[in-house]
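Notes follow the structure.
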Amino acid sequence: MPNSVRFNPNFPKITASDELYARAAGLIPAYSQTLAKGPTQYVNGVAPKYLQRGKGARVWDVDG
């Protein structure tokens, strides 16, 4: 049986996160103050980049 990869096309809508990311491009060198949170550490367009708030172990991103 050959190997196969199936991708889930139902990515979350992260438009607010992407807008903040574009704004940060002109303000913060490398988009972050730490390399561990820089743009090379995640796949673009899959997960939110900015959190709005947190409570205990739960977090909410800027897109809701």
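The values are calculated or read from the model by the stated rules, or taken from the named source; none is laboratory data. Small disclaimer: the values here were computed from a predicted structure and weren't measured. Glycine also receives a Cβ, built like all others from the backbone with ideal geometry; neighbour counts cover every protein chain displayed.
Of all residues in the range 35-52, those that are small (Gly, Ala, Ser) have Cβ atoms under 8 Å from Cβ atoms of residues that are exposed (fewer than 12 other Cβ atoms within 10 Å of the Cβ), 6 or more apart or on another chain, in 45/11.
If only one of 35, 27 is modelled with pLDDT under 80, hydrophobic (A, V, I, L, M, F, W, C) and loosely packed, with under 12 Cβ neighbours inside 10 Å, which one is it? Please lay out each step first, then the result.
Numbers: 27 fails: modelled with pLDDT under 80.
The conditions single out 35.
Before we move on, is residue 58 modelled with pLDDT of 90 or more, exposed (fewer than 13 other Cβ atoms within 10 Å of the Cβ), touching a Phe, Trp or Tyr at 6+ places or on another chain (Cβ under 9 Å) and of a type in the set (Lys, Arg)? Steps first, answer last, please.
On the way: modelled with pLDDT of 90 or more: yes; exposed (fewer than 13 other Cβ atoms within 10 Å of the Cβ): yes; touching a Phe, Trp or Tyr at 6+ places or on another chain (Cβ under 9 Å): no; of a type in the set (Lys, Arg): yes.
Taking the combined requirement at face value, the residue does not satisfy it.
Looking across the range 1-24 at every residue that is surrounded by 10 or more Cβ atoms within 10 Å (Cβ to Cβ), of a type in the set (A, V, I, L, M, F, W, C) and in a loop (DSSP other than H, G, I, E, B), the one that is farthest from the chain's Cα centre (by Cα) is identified as 11.
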